[in-house]
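Visitor: To start, I am sharing the structure in question, which I have written as structure tokens.
Just so it is clear, none of the values below were taken in a lab; they were calculated from the coordinates. Remember, it's a predicted structure, so these values are computed and weren't measured experimentally. Here the Cβ positions follow ideal geometry from the backbone for every residue, glycine too, while neighbour counts run over all protein chains shown.
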Amino acid sequence: MLDRLDVVVASVHSKLRMERQQMTERMVVAVANPHVDILGHCTGRMIGRRPPSTFEADYVFAACKQFGTAVEINCRPERLDPPRELLDLAIEYGCRFSIDTDAHATGQLEWQPHGCDRAAERDVPLDRIINTMSADDLLAWTASRGDNGG
């Protein structure tokens, strides 16, 4: 089924308190999947309500770079995921990024500036933000993922 979708975001939504090594392995397996284009809200945190999951960020972001999987910059005000230090690390690894509202209703699309501001604040290179691609270029990029064309 994933092969039939234009863009696939993989996000951890269960067992958020897994041991660090298990969570790392789980995330690396996901980003290595040729059908997964974006790693969503990598820590799973909810500011003030749920602490971030623990994982080896070096391994996960190295895998994102290796397999061409973008890292989501989540605009949802209670997420703002990844935290700044992890965003900086993903930048250092040379990852691509997707700025995403994580909207569950149309009014929440207005959160997009939160992620854009965060990307600008951390100096994310514009050429690594997949939202800046034309629709045709984005679809070509996602289609190339099967051959690690990231």
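Visitor: Looking only at region 29-67, which residues are in contact with a Gly (Cβ under 6 Å, 6 or more places away or on another chain) and of a type in the set (Lys, Arg)?
Guide: Within region 29-67, just Lys65 meets the criteria.
Visitor: When the residues of region 12-25 are narrowed to those that are surrounded by 17 or more Cβ atoms within 10 Å (Cβ to Cβ) and under 17 Å from the mean Cα position of the chain (by Cα), which ends up nearest to Arg50 (Cα to Cα)?
Guide: Ranking the candidates gives Val12 first.
Visitor: Further question on the same structure: Determine which single condition Val8 fails, assuming it passes every other condition in (1) under 20 Å from Pro113 (Cα atoms); (2) touching an Asp or Glu at 6+ places or on another chain (Cβ under 7 Å).
Guide: (1)
Visitor: Next question, about the same structure. Taking the residues in region 1-11 that are out of contact with any helix residue (DSSP H, G or I) (no Cβ under 6 Å at 6 or more places or on another chain) and surrounded by 12 or more Cβ atoms within 10 Å (Cβ to Cβ) as candidates, determine which candidate is nearest to Ala135 (Cα to Cα).
Guide: Val9
Visitor: Sort out which residues of region 6-55 are in a helix (DSSP H, G or I) and either within 30 Å of Asp137 (Cβ to Cβ) or polar (S, T, N, Q) (or both), and write them in order of number.
Guide: Gln21, Gln22, Thr24, Met27, Val28, Val29, Ala30, Val31, Ala32
Visitor: Inspect region 67-79 for any residue being more than 18 Å from Trp111 (Cα to Cα), in contact with a strand residue (DSSP E or B) (Cβ under 7 Å, 6 or more places away or on another chain) and surrounded by 15 or more Cβ atoms within 10 Å (Cβ to Cβ) and give the result as yes or no.
Guide: yes
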